[in-house]
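The values are calculated or read from the model by the stated rules, or taken from the named source; none is laboratory data. Owing to the predicted nature of the structure, the values given are computational and were not obtained by experimental measurement. Reconstructed Cβ throughout: ideal geometry from the backbone, glycine too, with neighbour counts over all protein chains shown.
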Amino acid sequence: MNRKNADVVAEPSPSRDHVRIFDTTLRDGEQAPGFSMSLSQKLHMAHALAELGVDVIEAGFPRVSDDDFAAVHRIAREVHGSVICGLARAQAGDIDTCARALEPAAAWRIHVFLATSPLHREHKLNMSRDQVIDTGTAAVRRARSLCEDVEFSAEDALRTEPEFLIEVLSAMIQAGATTVNVPDTVGYTTPAEIHALFTRLKREVRGIDKVILSAHCHDDLGLGVANSLAAVAAGARQVECAIAGIGERAGNAALEEVVMALRTREDHFKVRTRIRTPLLLPTARLLADVTGATIPRNKAIVGDNAFAHESGIHQHGVLRHRETYEIMRPEDAGVKRSQIVLGKHSGRHALRDRLQSLGYEVDEAQMDDLFARFKTLADKKKEVFDSDLDALVLGQDPATLGPWRLVQMHVTSHLHGRVSAAVRLGHDDGRIVGKTETSLGDGPVHAMLRVIERATGVDLNIVDFQIRSLSYGADAQGRALLRVNHAGREFVGRGVSIDIVEAAAMAALEVVNRIERTRQGQALSLVANHV
């Protein structure tokens with residue numbers, strides 16, 4: 001097997017202002033409970049990571065299973081734009097297998113790891129210090145004979161004696177490692193400790209200026225991102241992280257948090273990444289879709305609440321000047337816009353702004369009445385939606401706002417993917433419309449949305465659809481959220497039911513009703529008569 005030539009390495013000499021993003025979503029992330037992926041799912045994620053601009057994609061651990069080997073080999077062959085990396089223990093068999101899996105890649109890296117801490121040396125490896133160094137250098141030399149780009153990781157480095165860690169890393173650089181990684185494998189350290197250690201490593205490790213110094217921080221104490229940033233401040237020029245912070249136990253440093261921290265505080269860190277940040281949210285959502293793991297609402301950068309505001313004080317500030325309560329532009333993280341959530345904490349400024357966006361102009365007296373009724377409704381609901389505001393303006397009960405309403409629905413799923421959906425819809429003009437839709441392989445929700453389109457005559461150009469459980473257990477309520485583009489405008493519908501198909505139908509009807517009222521100009525014409 002021939003070694004890849006020198007263009008395998010993204011940048012042969014370290015750059016002072018470029019921090020490489022080493023993504024381990026498909027290796028450390030995927031091996032965590034609840035995040036397993038099939039080969040096709042891994043390939044889909046790998047393409048997304050390359051498009052995101054990740055410098056190094058750790059595609060897997062080829063020696064661990066035939067499936068992992070196949071996934072790494074396929075990614076190496078088909079994914080371009082990033083260095084493709086495979087993990088190997090400091091053993092000849094692992095290294096050779098890793099090289100075979102990676103060989104199709106245009107740019108690839110062998111990542112060799114060996115534990116160095118006293119706990120691991122005694123209880124896992126049963127090795128002396130000298131044996132650890134001998135084993136590690138032999139492994140790095142073997143990897144380097146197969147590949148120009150070799151990374152060495154000192155597992156549990158943060159609990160390793162600093163003098164010994166310096167000796168290990170110096171030996172690995174001499175053996176041919178081009179990147180040396182210092183993992184906080186168990187999430188034990190603090191920002192001050194890791195900053196001091198990396199400062200010392202930069203000063204005392206022989207040959208460190210000729211290679212890339214890397215940090216890999218776990219989040220067991222919730223410090224993974226903070227520790228990674230402290231390492232960067234002390235000279236690390238690669239950060240190992242994962243989308244949404246997935247990984248062993250409490251996970252890894254979250255890629256999106258590290259990247260946006262470096263971007264937002266470039267004045268402090270004075271470094272950059274090559275990540276295309278507007279793709280952060282789509283990539284996180286793809287991971288959630290692939291693994292079935294919901295992104296927490298309060299998750300930094302990519303959570304639903306990251307750029308959402310309900311407090312009246314915050315809403316007023318953001319509406320006057322975004323930077324009062326937002327340190328990043330939502331668009332830079334892939335979020336379309338800041339979200340003003342109307343609820344019991346919202347104030348007059350937020351309500352007026354939303355009414356104006358819906359086409360309603362009200363004077364102060366009208367606003368006093370609307371705001372009082374809005375507060376009464378908000379005390380009963382967690383969130384007040386646009387359709388609720390329509391009802392308030394029109395003097396109607398939000399639950400009865402039409403013109404379309406669901407009278408009856410029926411969905412049947414058959415073997416081999418055939419689905420039938422039927423609805424009966426009532427209209428304010430007295431019509432009762434019934435339609436049936438049969439489709440192959442699209443699922444009951446899709447069939448229900450199509451039959452509602454046929455029954456109402458409104459095309460639903462869906463740009464986003466989400467289902468979320470509002471509680472726990474088999475009888476938990478599900479909330480459907482549907483975003484639709486129509487005539488250059490975005491409409492949002494929501495529905496809640498213990499039946500997710502019914503919730504989706506209710507969300508679709510809310511959108512259809514808003515489109516029909518807008519199309520007829522009903523809302524604007526009735527403002528003068530009813531407000």
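It is to be established whether one or more residues within the range 159-171 are under 36 Å from the mean Cα position of the chain (by Cα), at pLDDT 95 or above, surrounded by fewer than 15 Cβ atoms within 10 Å (Cβ to Cβ) and part of a helix (DSSP H, G or I). Checked the range 159-171: at least one residue is under 36 Å from the mean Cα position of the chain (by Cα), at pLDDT 95 or above, surrounded by fewer than 15 Cβ atoms within 10 Å (Cβ to Cβ) and part of a helix (DSSP H, G or I).
This table checks each residue for (1) modelled with pLDDT of 80 or more; (2) of a type outside the set (A, V, I, L, M, F, W, C); (3) closer than 19 Å to ARG494 by Cα; (4) surrounded by fewer than 14 Cβ atoms within 10 Å (Cβ to Cβ).
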{"site": "SER311", "(1), (2), (3), (4)": "no, yes, no, no"}
{"site": "HIS345", "(1), (2), (3), (4)": "yes, yes, no, no"}
{"site": "GLU361", "(1), (2), (3), (4)": "yes, yes, no, yes"}
{"site": "MET367", "(1), (2), (3), (4)": "yes, no, no, no"}
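Which condition number in (1) more than 19 Å from GLY251 (Cβ to Cβ); (2) surrounded by fewer than 22 Cβ atoms within 10 Å (Cβ to Cβ) is the one that LEU221 fails? In the conditions (1) more than 19 Å from GLY251 (Cβ to Cβ); (2) surrounded by fewer than 22 Cβ atoms within 10 Å (Cβ to Cβ), LEU221 misses (1) alone.
Quick check on this structure: which one of ALA215, ALA230, ALA177, ALA143 is in contact (Cβ under 8 Å) with a residue 24 or more places away in the chain, aliphatic (A, V, I, L, M), assigned to a loop (DSSP other than H, G, I, E, B) and crowded, with 21+ Cβ neighbours inside 10 Å?
ALA177
When the residues of the range 378-389 are filtered to those that are in contact with a helix residue (DSSP H, G or I) (Cβ under 6 Å, 6 or more places away or on another chain) and outside any loop (DSSP other than H, G, I, E, B), the one that is modelled with the highest pLDDT is ASP388. Quick one: is ALA59 in a strand (DSSP E or B), touching a strand residue (DSSP E or B) at 6+ places or on another chain (Cβ under 6 Å), under 30 Å from PRO282 (Cβ atoms) and free of Cβ contacts under 8 Å to residues at least 60 places away in the same chain? For ALA59, the condition - in a strand (DSSP E or B), touching a strand residue (DSSP E or B) at 6+ places or on another chain (Cβ under 6 Å), under 30 Å from PRO282 (Cβ atoms) and free of Cβ contacts under 8 Å to residues at least 60 places away in the same chain - is met. Of the residues that make up the range 457-469, is at least one more than 32 Å from the chain's Cα centre (by Cα) and either closer than 30 Å to ARG354 by Cα or at pLDDT below 85 (or both)? Within the range 457-469 (the criterion being more than 32 Å from the chain's Cα centre (by Cα) and either closer than 30 Å to ARG354 by Cα or at pLDDT below 85 (or both)), the answer is yes, since at least one residue qualifies.
List the helices (runs of 4 or more DSSP H) that sit entirely inside the range 238-329 and contain at least 2 residues that are assigned by TED's automatic domain parsing to the domain that holds ASP219.
The qualifying helices (runs of 4 or more DSSP H) are 255-264, 266-269, 280-291.
Only residues that are in contact with a Gly (Cβ under 6 Å, 6 or more places away or on another chain) and either outside the structural domain of GLU30 (by TED's automatic domain parsing) or under 14 Å from SER145 (Cβ atoms) (or both) were counted in the range 71-100, giving 1. Screening VAL384, VAL335, VAL362 for residues that are more than 30 Å from ALA254 (Cβ to Cβ) and either of a type in the set (S, T, N, Q) or free of Cβ contacts under 8 Å to residues at least 60 places away in the same chain (or both) leaves exactly one candidate, VAL384.
Counting the residues of the range 62-84 that are in a helix (DSSP H, G or I) and not hydrophobic (A, V, I, L, M, F, W, C) gives 9. Name the single residue, out of those in the range 85-128 being assigned to a loop (DSSP other than H, G, I, E, B) and among the aliphatic types (A, V, I, L, M), that is surrounded by the fewest Cβ atoms within 10 Å (Cβ to Cβ). So the residue we want is ALA106. Any chance the range 41-59 includes a residue that's more than 21 Å from the chain's Cα centre (by Cα), among the basic types (Lys, Arg) and either assigned by TED's automatic domain parsing to the domain that holds ASP149 or surrounded by fewer than 20 Cβ atoms within 10 Å (Cβ to Cβ) (or both)? Checked against the condition, which is being more than 21 Å from the chain's Cα centre (by Cα), among the basic types (Lys, Arg) and either assigned by TED's automatic domain parsing to the domain that holds ASP149 or surrounded by fewer than 20 Cβ atoms within 10 Å (Cβ to Cβ) (or both), the range 41-59 yields no hits at all. Return yes when LEU351 is over 17 Å from the mean Cα position of the chain (by Cα), more than 30 Å from HIS18 (Cα to Cα) and part of a helix (DSSP H, G or I) and no when it is not. Considered against the rule, which asks whether it is over 17 Å from the mean Cα position of the chain (by Cα), more than 30 Å from HIS18 (Cα to Cα) and part of a helix (DSSP H, G or I), LEU351 comes out as yes.
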